[in-house]
Amino acid sequence: MRCLTGSAKITTDIDSLRSEIKDKSIRVIDVRREDDYKQDHIPTAVNLPLANLLSDDSPERVLKLVSAMGIGDETPVVVYDDTFGALASRVAWTFEYLGHSDVTLLETTYSNWKSLGLESDSNIPEIQRTEHSLNLQPNILATSDYLESVRQRDDVILIDNRERLNYLEQHIPGAISLPYRTLATKDKILRPKNDMKRLLENRGITENSEIITYCGSVGTLSGLAYYALKSVGLSNTKLYVRSFKEWKNLQKPTEKQEDATYWDLSAE
């Protein structure tokens with residue numbers, strides 16, 4: 001079964017996806033580069049390279065992409081990548097922002113799928129275009145202006161998901177460090193729920209707060225963190241999509257961690 005937290009579906013496990021593919025009840029999206037997709041992919045998967053999405057991720061254009069992939073309002077969608085879930089997370093979040101609620105992440109990467117000897121092919125499916133409505137969800141998006149207005153509130157937690165050393169060198173004032181590498185296990189893109197809860201509680205991340213995640217530039221690493229938070233029921237979460245690159249370009253305030261200890265340099 002899919003992992004559920006309240007009503008939020010976060011990941012789809014391997015066995016569920018395989019049966020849903022056989023039932024033809026799912027749209028599978030491969031976000032790797034086109035050349036990699038053409039070589040082989042999970043059967044029935046369609047290709048949406050992240051670079052293609054990011055070349056223009058305006059809602060109007062994404063709506064056209066979604067419709068062209070045969071995704072209607074009620075179509076269940078599972079997204080996968082070969083990059084520990086980060087690229088898939090950014091695509092899934094974009095679908096969610098568009099108003100598509102039934103989107104989940106495959107619990108593992110494509111490399112792991114293949115290492116398990118599971119089926120793959122190079123067939124490119126014929127897709128019947130469909131229509132999808134636009135129902136934007138601004139409650140999951142943080143802009144620079146929004147972040148500037150709320151970041152000093154006591155009930156707001158700002159999380160930096162970049163590598164620890166990048167955080168130490170420069171980050172948005174008040175942000176806490178949660179490196180993306182801490183979110184996964186060896187074969188799953190996200191830790192088990194109880195394990196993830198412990199990790200977040202150790203960082204002081206609690207359910208009574210509004211949480212905003214950011215990373216280096218386009219919201220991939222922080223997209224994974226967004227779903228990590230949701231996986232343990234922390235639903236009051238926003239993604240600062242344009243992330244630290246935009247923040248710096250806008251010449252917003254930053255700070256540096258002085259006198260880092262050994263712990264500061266470690267992943268945990």
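Here are the numbers:
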item	result
Flag if Ala92 is in contact with a strand residue (DSSP E or B) (Cβ under 8 Å, 6 or more places away or on another chain) and within 18 Å of Asn47 (Cβ to Cβ)	yes
The listed residue being assigned by TED's automatic domain parsing to the domain that holds Ile71 and within 30 Å of Lys256 (Cα to Cα), out of Trp93, Trp113	Trp93
When residues of the range 85-108 are limited to those that are among the β-branched types (Val, Ile, Thr) and closer than 15 Å to Ser222 by Cα, the one surrounded by the fewest Cβ atoms within 10 Å (Cβ to Cβ)	Thr94
From Asp154, Asp82, Asp160, residue being charged (D, E, K, R), out of contact with any Leu (no Cβ under 6 Å at 6 or more places or on another chain) and over 15 Å from Thr220 (Cβ atoms)	Asp154
Complete set of residues in the range 170-186 that are touching a residue at least 12 places away in the same chain (Cβ under 8 Å) and over 17 Å from the mean Cα position of the chain (by Cα)	Gln170, His171, Ile172, Pro173, Gly174, Ala175, Ile176, Ser177
Condition check for Asp35: within 21 Å of Thr185 (Cβ to Cβ), acidic (Asp, Glu) and surrounded by fewer than 21 Cβ atoms within 10 Å (Cβ to Cβ)	no
Tally, over the range 154-169, of residues that are loosely packed, with under 14 Cβ neighbours inside 10 Å and either in contact (Cβ under 8 Å) with a residue 24 or more places away in the chain or not assigned by TED's automatic domain parsing to the domain that holds Gly216 (or both)	3
Residues satisfying the stated conditions in the range 17-32, i.e. farther than 20 Å from Ser67 by Cα and within 20 Å of the chain's Cα centre (by Cα)	Leu17
Residue in the range 1-14 that is under 18 Å from the mean Cα position of the chain (by Cα), acidic (Asp, Glu) and closer than 22 Å to Leu136 by Cα present	no
Test set (1) outside any helix (DSSP H, G or I); (2) small (Gly, Ala, Ser); (3) closer than 24 Å to Ala142 by Cβ - Ala88 fails condition number	(1)
Check on Ile10, surrounded by 19 or more Cβ atoms within 10 Å (Cβ to Cβ) and either closer than 20 Å to Trp93 by Cβ or modelled with pLDDT under 95 (or both)	yes
Number of the exception - Glu60 against (1) surrounded by fewer than 18 Cβ atoms within 10 Å (Cβ to Cβ); (2) in contact with an Asp or Glu (Cβ under 9 Å, 6 or more places away or on another chain); (3) farther than 20 Å from Lys9 by Cβ	(2)
Number of positions in the range 61-85 that are assigned to a loop (DSSP other than H, G, I, E, B) and either under 29 Å from Thr182 (Cα atoms) or of a type in the set (S, T, N, Q) (or both)	7
Only one of Glu207, Glu246, Glu255 that is acidic (Asp, Glu), surrounded by fewer than 23 Cβ atoms within 10 Å (Cβ to Cβ) and more than 17 Å from Pro173 (Cα to Cα)	Glu207
Residues of the range 27-60 classified as touching a Ser or Thr at 6+ places or on another chain (Cβ under 8 Å) and closer than 26 Å to Asn135 by Cα, total	5
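The values are calculated or read from the model by the stated rules, or taken from the named source; none is laboratory data. All values reported here derive from a predicted model rather than from experimental measurement. For neighbour counting, all protein chains shown are included, and Cβ atoms are generated from backbone atoms with ideal geometry for every residue, glycine included.
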